[in-house]
Amino acid sequence: MRRLPRAVPAVVLVLCGLALSGLAACATPSVPVPPLYSPAEQRAECERHGGWWRLDDLRGDFCEPNGQM
């Protein structure tokens, strides 16, 4: 049975480390992602569908749907 040279396990560890660091770099965005819609667009969409736009400092602004649908 043949034995692997001593350098092979070290090379495998280095390659695994590089792969993991590459995945970690891709997992955290470097630039924050802006919201898809502006608050004015969200409010217009809410009112267009019959809801009420509520302003809330703690939870943030939100759309309250019409309960009679």
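Things to note:
- Pairs where the first residue, in the range 46-69, is farther than 21 Å from Pro35 by Cα and touching a residue at least 24 places away in the same chain (Cβ under 8 Å) and the second is open to solvent by 60 Å² or more (accessible area, probe 1.4 Å) and not in a loop (DSSP other than H, G, I, E, B), C-beta under 9 Å, 6+ apart: none
- Within the span defined as the range 28-46, one or more residues are exposed (fewer than 10 other Cβ atoms within 10 Å of the Cβ), at pLDDT 85 or above and in contact with a helix residue (DSSP H, G or I) (Cβ under 9 Å, 6 or more places away or on another chain).
- When restricted to residues that are touching a Lys or Arg at 6+ places or on another chain (Cβ under 8 Å) and open to solvent by less than 60 Å² (accessible area, probe 1.4 Å), the range 50-62 contains 1.
The values are calculated or read from the model by the stated rules, or taken from the named source; none is laboratory data. Just so we're clear, the structure is a prediction, and the values are computed from it rather than from any experiment. For neighbour counting, all protein chains shown are included, and Cβ atoms are generated from backbone atoms with ideal geometry for every residue, glycine included. Note: areas computed on protein heavy atoms with side chains; ligands, DNA, RNA excluded. Shrake-Rupley method; radii C 1.70, N 1.55, O 1.52, S 1.80 Å.
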